[in-house]
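The values are calculated or read from the model by the stated rules, or taken from the named source; none is laboratory data. Quick caveat: nothing in here was measured; it's all calculated off a predicted structure. Cβ sites come from the backbone with ideal geometry, for glycine too, and all protein chains shown count toward neighbours.
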């Protein structure tokens, strides 16, 4: 069976959709399928970093297309890059050998429309793997008004691709709710949460090395790692950091990239916020060390984006056995996970705007850390049902091919 996977980013790009697509591609190739990935020659966060137009990786055939690389400093630049990728991928995709199954993710927005077009052209089965829901996300960001002609055109295109899909994979029940509200049949939708990266586990040596490298020894480290976007607003966390500026026990570490990473870094420099450090995306093989280095990881969910976006970093927190802090609405898949899995000892929740409450909580945690008080032992048996088997999606694809 021949499978075509479409997404703007692919390994070795550190973006989350790249890494998860890499796992899927590797597993399908291991099962003996002929796997082709149609993707970009540019890194998402560093568009000047170019990859070969054709490559192979672990039995996977990678076809990369050239497109503009203006970066993400403004919405217009991002839109131009997105459109140029979609056009280049469409032209190149039409020249590929006919696949039996086409799988499209959601980077860039509406790449599923491209997947649906190619699947229609080849009379192939089509799977839409919804990592983010668009144009819903663009509208929620305020970049596009919902009642405009363009918004309606994009929404119609998105619904067309969803109706064309043989199967639709979403990440949580809130995404499913939104698709059902669009009139998508429930029988088409599978809810498959993401999973921890297989390489992730608590890394004591990596923790010690990372903390020494960045002068974090003997300090309580609060870390936000990943893509810094308006979907995951960090204002409450940053305000808490500002309230704790004079507390030498606590350091805030922001690792990754994105529009808000640059904005926050510049703000911290202007205000000489010595308790905040900013590091770019780290090599993927350092992920266990980076996660383990923090005493408290942070996951954030913007209220308008529940069911639109799905912060997947929480699964790696669980695999690395890291306590974490959730900032977001009470109704979300993160809040459900904390409650249903009984993780109250290891995760605390705050609503947006509760910066003072958060600062008070971090002071208590930092004092316990300074006093050498041990954290509660991590559950020996990982709660079942928290994360999906990485083989769930390959099984769906295998059934389509059969």
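For the criterion of being over 21 Å from residue 16 (Cβ atoms), surrounded by fewer than 20 Cβ atoms within 10 Å (Cβ to Cβ), without any contact (Cβ under 8 Å) to a residue 24 or more places away in the chain and in the same structural domain as residue 393 (by TED's automatic domain parsing), residue 177 fails. Filter the range 23-55 down to residues that are out of contact with any strand residue (DSSP E or B) (no Cβ under 8 Å at 6 or more places or on another chain) and part of a helix (DSSP H, G or I) and give me whichever is surrounded by the fewest Cβ atoms within 10 Å (Cβ to Cβ). Looking at the filtered set, the residue picked out is 30. Answer yes if at least one residue in the range 203-220 is in contact (Cβ under 8 Å) with a residue 12 or more places away in the chain, surrounded by fewer than 19 Cβ atoms within 10 Å (Cβ to Cβ) and out of contact with any helix residue (DSSP H, G or I) (no Cβ under 9 Å at 6 or more places or on another chain), and no otherwise. No - not one qualifying residue is present in the range 203-220. The residues on offer are 180, 162, and the sole one that is within 14 Å of residue 308 (Cα to Cα), at pLDDT 95 or above and more than 17 Å from the chain's Cα centre (by Cα) is 180. Here residue 109 clears all of (1) modelled with pLDDT of 90 or more; (2) part of a loop (DSSP other than H, G, I, E, B); (3) closer than 18 Å to residue 161 by Cα except the condition numbered (1).
Every residue, every condition in (1) at pLDDT below 95; (2) under 27 Å from residue 310 (Cα atoms), yes or no:
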{"residue": "16", "(1), (2)": "yes, yes"}
{"residue": "24", "(1), (2)": "yes, yes"}
{"residue": "34", "(1), (2)": "no, no"}
{"residue": "39", "(1), (2)": "no, yes"}
{"residue": "53", "(1), (2)": "yes, no"}
{"residue": "59", "(1), (2)": "no, no"}
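Considering the conditions (1) over 15 Å from residue 173 (Cβ atoms); (2) surrounded by 20 or more Cβ atoms within 10 Å (Cβ to Cβ), residue 345 is excluded by exactly one of them, (2). Determine if the range 65-83 includes at least one residue that is out of contact with any helix residue (DSSP H, G or I) (no Cβ under 8 Å at 6 or more places or on another chain), assigned to a loop (DSSP other than H, G, I, E, B) and either surrounded by 19 or more Cβ atoms within 10 Å (Cβ to Cβ) or not assigned by TED's automatic domain parsing to the domain that holds residue 17 (or both). No, the range 65-83 contains no residue that is out of contact with any helix residue (DSSP H, G or I) (no Cβ under 8 Å at 6 or more places or on another chain), assigned to a loop (DSSP other than H, G, I, E, B) and either surrounded by 19 or more Cβ atoms within 10 Å (Cβ to Cβ) or not assigned by TED's automatic domain parsing to the domain that holds residue 17 (or both). Of all residues in the range 1-16, those that are surrounded by fewer than 21 Cβ atoms within 10 Å (Cβ to Cβ) and not in a loop (DSSP other than H, G, I, E, B) total 2. Taking residue 150 as the residue in question, decide whether it is in a loop (DSSP other than H, G, I, E, B) and without any contact (Cβ under 8 Å) to a residue 24 or more places away in the chain. So residue 150 fails the test. Taken over the range 315-336, residues that are modelled with pLDDT of 90 or more and in a helix (DSSP H, G or I) amount to 4.
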